[in-house]
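**Q** I'd like to ask some things about the structure below.
Throughout, read-outs are computed from the coordinates displayed, never taken from laboratory work. Worth saying up front: this structure is predicted, and the values here are computed from it rather than measured. Using ideal geometry, Cβ is built from the backbone for each residue, glycine included, and neighbour counts are taken over all protein chains shown.
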Amino acid sequence: MGEWLGQMIEVDVTNIAHGGVSVARHDGRVVFVSDAIPGERVLVRITDDKKKSFWRAETVKVVTASKHRKDHVWSAASIDRDPDNRAGGAEFGHIELSHQRTLKAQILRESLERMAKVTHAPVVEVVPGDDERNGLGWRTRVSLHVNDAGNLGPFAARSHRVISVRDLPLATPELSAAAPLDQNFAGFERVDVLNPSSGGVRLIMGKQKPQVITELVGEREFSLLDSGFWQVHHGAAEVLTAAVQDAIDPELFDPAASNLDLYGGVGLFAAAVGDKFGPATKITTVEAESSATDHAAQNLSEWLGARAETGRVDRWLRQLVTGASATERARLERATVVLDPPRSGAGREVVELLASAAPAHVVYVACDPVAFARDVAFFAEKGYTLRAVRAFDLFPHTHHVEAVGTFTRD
Ligand SMILES: C[S@@+](CC[C@H](N)C(=O)[O-])C[C@H]1O[C@@H](n2cnc3c(N)ncnc32)[C@H](O)[C@@H]1O
C-alpha cells in the first residue's frame, strides 16, 4: 500500500455512508469519497490507501452531476476550491436540502437494519423555519481555531488546517455578524463563539473564567455555564423537548416511580418530563459534569420530586442496581428512563446495567445513528424492543442527524 496515495481516478458513487462520505468502488475495493452524491461519477484524489479493505478519497471534479447537486451554501467549502482548502463542518452543503434528509433517513434505516436487525423507516423531520432559511442561520455555537499567524477560522474538512473564511452561513445571523473573523488571536488556540437564545454573543477563549448564561425553551429558563453543553441548533431544545414528551406513553408513565434522566446536562429532559406530568413527578438527572448538575438542581428546583446527581452513568447505575432494596427495585421497574448520551452512545455496559434495573419504558435521544443502532441491538439482547423512532434534521448541511427511539420491556 502507499503507491495509490495522491493518484486521481474516476469512480461511480453508489451509496451514502455514515460520516458524510459516499461509497464508490475501484477494482472491487470500497472507496469512501467526500463531497460527492450517490448517483454521480466523480474524479477523486486518493488520500488514504493504507487499508486493504477500503480507501479514502476526495472529489476533485464532478464528471456527471446528480440532479440533487447545488452550488455549496458556503463558498469556503465549495468544490471549486482545492480539497485541502475547503472549510469543514458543512459536508452536505452541496446537496439539495430535502435530499440531505433522504440520505440521513437512509443511513438511520440501514444502520438499524444492519446492526440491530430491525425495520424502522422514519422520515427526517424539519425544524420549523429551516426550509424557509434554506437550512442556514441555525448554529448557536461555533468553534473556531487559530493558526500560527493568529488568523481565526474553522478547520478544513479533513484536517486541522485552519481555513480563513469571510462568513459563517450556518451560524445564527447574530453570531455571524459578531464573529471576529478578521481579528488576530495570536497566542490563543481556539475561540468559541456563542449566541444564547436569551440574546447577545459571547466569545470564549483561553483560560477565561466560565460565566453563567441563560437559555430559553418556550417560557422556561435554563441557567448553565457558557463552557457547558447546550443543544446547538436554535430550535433543537424545543423540538427535542416536544419529542421526548410525545415519546413517553402516559399509560406507562408513573410519576411516583424512580424515573431517570441520564446524561442529563442542565436538566432539559427532566424538565420536559416534569412539565408534561406535573410537579410531583419523581425524576433524578445524572450528569458527569458537577457544574452542569449544580445548574440542573437550580433549573429543576420547582419540582419537589426532582434531584440532580453528579456521576458517570455507568458507575452511578452500577451502584443503583447493586444497592437497591426490594421497594426501590419495584420503583425502578415502573420507571421511565430518558437517556441522551454523547456521540459515542451509551454502550454495552450502560445498556446492560440499565436493563438490569428493568425500567418499563426507555426514551433514547441519539445524535449518532450508528452508535444508536448498536445500542438498539444491546437493548434487544436484554429484552427491550424498539417500538418507535423519530428523526430530526437538527444539523442541516452537515451529515449529522438526531433520533429519538422509544423502547418498552418485552
Ligand atoms: C448530548 S449531551 C446531553 C445533555 C442534555 N440531555 C441536554 O440535552 O442538554 C450529553 C451529556 O452527557 C454528559 N456526559 C458525557 N459522558 C457522561 C458519562 N459517562 N456519565 C454522565 N454524563 C456524561 C456530558 O457532560 C453532557 O452534558
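**Q** In degrees from 0 to 90, rounded to the nearest 10, what is the angle of the helix 290-299 Cα long axis to the longest principal axis of the chain?
**A** 60 degrees
**Q** What is the extension gain from Ala330 to Ser75, computed as 0.36 nm multiplied by their sequence separation minus the C-alpha to C-alpha distance, in nm to one decimal?
**A** Contour length minus the Cα-Cα distance gives 86.0 nm.
**Q** Considering only the chain, what is the antiparallel percent among its DSSP beta bridges, to the nearest 5?
**A** In the chain, DSSP labels about 70 percent of beta bridges as antiparallel.
**Q** Once you put a point 7 Å from the Cα of Gln7 and another 7 Å from the Cα of Asp84, both along the Cβ direction, what distance in nm separates them?
**A** 2.1 nm
**Q** Moving to a separate point now. Please report the spacing between the Cα centers of the stretch 63-133 and the stretch 29-45 in Å, no decimals.
**A** Measuring centre to centre over Cα atoms gives 14 Å.
**Q** Let me ask you something else. For a quick check, take a GNM of the chain with Cα springs below 10 Å and name the residue from Asp340, Asp84, Asp393 with the largest mean-square fluctuation.
**A** In the Gaussian network model the winner is Asp84.
**Q** What length, rounded to one decimal in nm, is gained on full extension from Arg41 through to Glu309, with 0.36 nm per residue of separation minus their alpha-carbon distance?
**A** Length gained between Arg41 and Glu309: 91.2 nm.
**Q** Where in the stretch 129-230 are there GluC sites (Glu not before Pro) that are in a DSSP coil and have at most 13 other Cβ atoms within 10 angstrom of their Cβ?
**A** Glu132, Glu189, Glu219
**Q** Would you work out the charge dipole size for the chain about its Cα centre, treating the Cβ of every Lys and Arg as +1 and the Cβ of every Asp and Glu as -1, and quote it to the nearest 20 debye?
**A** 900 debye
**Q** With the chain treated as a Gaussian network of Cα nodes joined by springs under 10 Å, which of Arg307, Arg343, Arg133 yields the largest mean-square fluctuation?
**A** Result for the chain, Cα springs under 10 Å: Arg133 fluctuates most.
**Q** Under 5 Å between amide hydrogens, which residues at least 5 positions from Thr285 or on another chain qualify, with H placed 1.01 Å from N in the peptide plane?
**A** Asp261, Arg307, Ala308, Glu309
**Q** Count the net charge of all other residues whose Cβ sits under 12 Å from the Cβ of Ala357, scoring Lys and Arg as +1 and Asp and Glu as -1.
**A** Combined, the nearby Lys, Arg, Asp and Glu give +3.
**Q** If you don't mind, another one. I want to verify a result. In a Gaussian network model of the chain, Cα cutoff 10 Å, which of these has the top mean-square fluctuation: Gly135, Gly150, Gly274?
**A** So, out of Gly135, Gly150, Gly274, the one fluctuating most is Gly150.
**Q** Using a ≥ b ≥ c from the Cα gyration tensor of the stretch 142-200 (square roots of the eigenvalues), is it rounded, prolate or oblate, where a/c under 1.5 gives rounded and otherwise the larger of a/b and b/c decides, a/b for prolate?
**A** Cα axes put the stretch 142-200 in the prolate bin.
**Q** Label points 7 Å out from Cα along the Cβ direction at Gln106 and Ser53: separation in nm?
**A** Computed distance between label sites Gln106 and Ser53 equals 2.2 nm.
**Q** For Val212 and Ser301, what is the calculated FRET efficiency with R₀ set at 22 Å and r taken between the beta-carbons, to the nearest 0.05?
**A** It comes out at approximately 0.90.
**Q** Determine the gain in length on full extension of the stretch Gln319-Thr119; use 0.36 nm per residue of separation and subtract their C-alpha separation, reporting nm with one decimal.
**A** 68.5 nm
**Q** Under a point spin-label approximation (7 Å from Cα along Cα-to-Cβ), what is the Ala149-Asp249 distance to one decimal in nm?
**A** 6.1 nm
**Q** Along the positive direction of the dipole of the chain (beta-carbon charges: Lys, Arg +1; Asp, Glu -1; about the Cα centre), which of Ser197, Ala76, Val127 reaches farthest?
**A** Ranked along the dipole, the leading option is Ala76.
**Q** Can I ask one more? Using 19 Å as the Cα-Cα cut-off, could you pick out the over-long pairs in Lys61/Lys104; Lys70/Lys104; Lys104/Lys382?
**A** Long pairs (Cα-Cα over 19 Å): Lys61/Lys104; Lys104/Lys382.
**Q** What is the magnitude of the charge dipole of the stretch 141-215 about its Cα centre, with +1 placed on the Cβ of each Lys and Arg, -1 on the Cβ of each Asp and Glu, and no other charges, expressed in debye to the nearest 20?
**A** Value, rounded to 20: 200 debye.
**Q** I'd like the antiparallel share, as a percent to the nearest 5, of DSSP beta bridges with both residues in the stretch 72-220.
**A** Bridges in the stretch 72-220 that DSSP calls antiparallel: roughly 95 percent.
**Q** Let me check I have the definition right: for the chain, take the eigenvalues of the Cα gyration tensor, multiply each by 5, take square roots. What are those semi-axes in whole Å, largest first?
**A** 38, 27, 18
**Q** Something else now. Given the -39500 (n - 2.57) contribution per DSSP H run of 4+ residues, what per-residue ellipticity at 222 nm results for the chain, rounded to the nearest 500 deg cm²/dmol?
**A** Computed ellipticity for the chain at 222 nm equals -7500 deg cm²/dmol.
**Q** Tell me, what is the FRET efficiency for Gln183 and Ser291 to the nearest 0.05, using R0 = 41 angstrom and their Cβ-Cβ distance as r?
**A** The calculated FRET efficiency here is 0.90.
**Q** Tell me the trypsin sites (Lys or Arg not before Pro) within the stretch 202-288 that lie in a loop according to DSSP and have at most 15 other beta-carbon atoms within 10 Å.
**A** Here the sparse-neighbourhood loop sites are Lys207.
**Q** Taking the alpha-carbon centroid of each part, what is the distance from the stretch 141-213 to the stretch 281-321 in angstrom?
**A** Between the Cα centres of the stretch 141-213 and the stretch 281-321 lies a distance of 31 Å.
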